[in-house]
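Q: What follows is a structure written as structure tokens; I'll ask about it next.
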Number of protein chains: 2
Amino acid sequence: MNKKQLIAQLSGSLSLSKADAERTFDTITNTILDALKGDDNVKIAGFGTYKVAKRKARVGRNPRTGEQIQIAASQKVKFLPAKALKEVFNK
Amino acid sequence: MNKKQLIAQLSGSLSLSKADAERTFDTITNTILDALKGDDNVKIAGFGTYKVAKRKARVGRNPRTGEQIQIAASQKVKFLPAKALKEVFNK
DNA sequence: AATGGGTATGCAGTATTTGCATATAGTAAC
DNA sequence: GTTACTATATGCAAATACTGCATACCCATT
């Protein structure tokens, strides 16, 4: 399922136009992103937690040449599924 | 930021009552979950991809006792941040 | 306001994932 | 239709995930 399909489905479920559904959806993702940018974890009960994980610098490798390279520290968004979410898939 | 705070913020941004904002948000998460339950990955351009990762059974260990234990196969939801999302945090 | 419940943390050791460069193929967005 | 993004594939080192369990904590619901 891609974003377009998701929007189409939401449009139906929420009785919104597709444009409105998309705007609503984008507002939500932007709100979450803004919180994360502010180094604020986002906890959604029953769904999961978004958090920014700091990754240390380390040694990597160019798989094409085999050459070793230094990889800088970076950050990425992690999503930790809530307990309820795991149970859905393991029953 | 927890769900309540997120809902409050969305309520303002979207000019919805908190009850409506919450219903909208729940509809979205449920839609995503339903797709995942149907073994369908959810790709949100510019945000990320939710996918169900199947984990094989394997041998683990109780770190308290050192005892070896068999861990059953399981599934969990993985979120892979999109390229745009990584860039936000590494600039 | 209180209480129950989900979540974070720490612990040890192993299994798993990550992420590098880069091109291509496929898909999605506009 | 054309542009933009994403998945895939490759080898390999190091970071991280995962497990049971107890504690502390914060949230949600009554």
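Q: Give A:Asn41, A:Asn62, A:Asn30, A:Asn2 a once-over and let me know the one that is farther than 28 Å from B:Lys76 by Cα and modelled with pLDDT of 85 or more.
A: A:Asn62
Q: Here is a list: A:Asp20, A:Asp26, A:Asp34. Which entry is touching a helix residue (DSSP H, G or I) at 6+ places or on another chain (Cβ under 8 Å) and of a type in the set (Asp, Glu)?
A: A:Asp20
Q: Okay, moving on. Restricting to segment B:13-29, give me the number of residues that are within 7 Å of another protein chain (Cβ to nearest Cβ), within 22 Å of B:Tyr50 (Cα to Cα) and not polar (S, T, N, Q).
A: 2
Q: Separate question: Within segment B:66-83, which residues are more than 8 Å from DNA strand D (Cβ to nearest atom) and of a type in the set (Val, Ile, Thr)?
A: Scanning segment B:66-83 gives a single hit, B:Val77.
Q: Which condition number does B:Thr49 fail, the rest of (1) modelled with pLDDT of 90 or more; (2) surrounded by fewer than 15 Cβ atoms within 10 Å (Cβ to Cβ); (3) of a type in the set (S, T, N, Q) being met?
A: (2)
Q: So, one more: Please verify whether segment B:29-38 includes one or more residues that are surrounded by 12 or more Cβ atoms within 10 Å (Cβ to Cβ) and within 9 Å of DNA strand C (Cβ to nearest atom).
A: Checked segment B:29-38: no residue is surrounded by 12 or more Cβ atoms within 10 Å (Cβ to Cβ) and within 9 Å of DNA strand C (Cβ to nearest atom).
Q: Also, quick follow-up: Of all residues in segment B:49-68, how many are more than 7 Å from every other protein chain (Cβ to nearest Cβ), more than 9 Å from DNA strand C (Cβ to nearest atom) and under 20 Å from A:Gly48 (Cα atoms)?
A: 3
Q: Separate question: Can you confirm whether segment B:2-9 contains a residue that is closer than 17 Å to A:Leu85 by Cα, out of contact with any Pro (no Cβ under 7 Å at 6 or more places or on another chain) and either at the interface with chain A (Cβ under 10 Å from one of its Cβ atoms) or not acidic (Asp, Glu) (or both)?
A: Scanning segment B:2-9 turns up at least one residue that is closer than 17 Å to A:Leu85 by Cα, out of contact with any Pro (no Cβ under 7 Å at 6 or more places or on another chain) and either at the interface with chain A (Cβ under 10 Å from one of its Cβ atoms) or not acidic (Asp, Glu) (or both).
Q: Which condition number in (1) touching a Phe, Trp or Tyr at 6+ places or on another chain (Cβ under 6 Å); (2) exposed (fewer than 14 other Cβ atoms within 10 Å of the Cβ) is the one that B:Val42 fails?
A: With respect to (1) touching a Phe, Trp or Tyr at 6+ places or on another chain (Cβ under 6 Å); (2) exposed (fewer than 14 other Cβ atoms within 10 Å of the Cβ), B:Val42 is out only on (2).
Q: So, one more: Just name the residue that is farthest from A:Asp34 (Cα to Cα) out of those in segment A:82-91 that are within 9 Å of chain B (Cβ to nearest Cβ) and out of contact with any helix residue (DSSP H, G or I) (no Cβ under 9 Å at 6 or more places or on another chain).
A: A:Asn90
Q: Right, here's the next one. Tell me, yes or no, whether segment B:54-65 has at least one residue that is free of Cβ contacts under 8 Å to residues at least 40 places away in the same chain, within 12 Å of DNA strand D (Cβ to nearest atom) and closer than 18 Å to A:Thr31 by Cα.
A: No: segment B:54-65 contains no residue that is free of Cβ contacts under 8 Å to residues at least 40 places away in the same chain, within 12 Å of DNA strand D (Cβ to nearest atom) and closer than 18 Å to A:Thr31 by Cα.
Q: Here are the criteria: (1) within 20 Å of the chain's Cα centre (by Cα); (2) closer than 18 Å to B:Asn90 by Cα. Tell me which single one A:Gly48 does not satisfy.
A: In the conditions (1) within 20 Å of the chain's Cα centre (by Cα); (2) closer than 18 Å to B:Asn90 by Cα, A:Gly48 misses (2) alone.
Q: Right, next: Can you find a residue in segment A:28-37 that is among the aliphatic types (A, V, I, L, M) and within 9 Å of DNA strand D (Cβ to nearest atom)?
A: no
The values are calculated or read from the model by the stated rules, or taken from the named source; none is laboratory data. Note that the structure is predicted; figures quoted are calculated from it, not measured. Backbone-built Cβ (ideal geometry, glycine too); neighbour counts: all protein chains shown.
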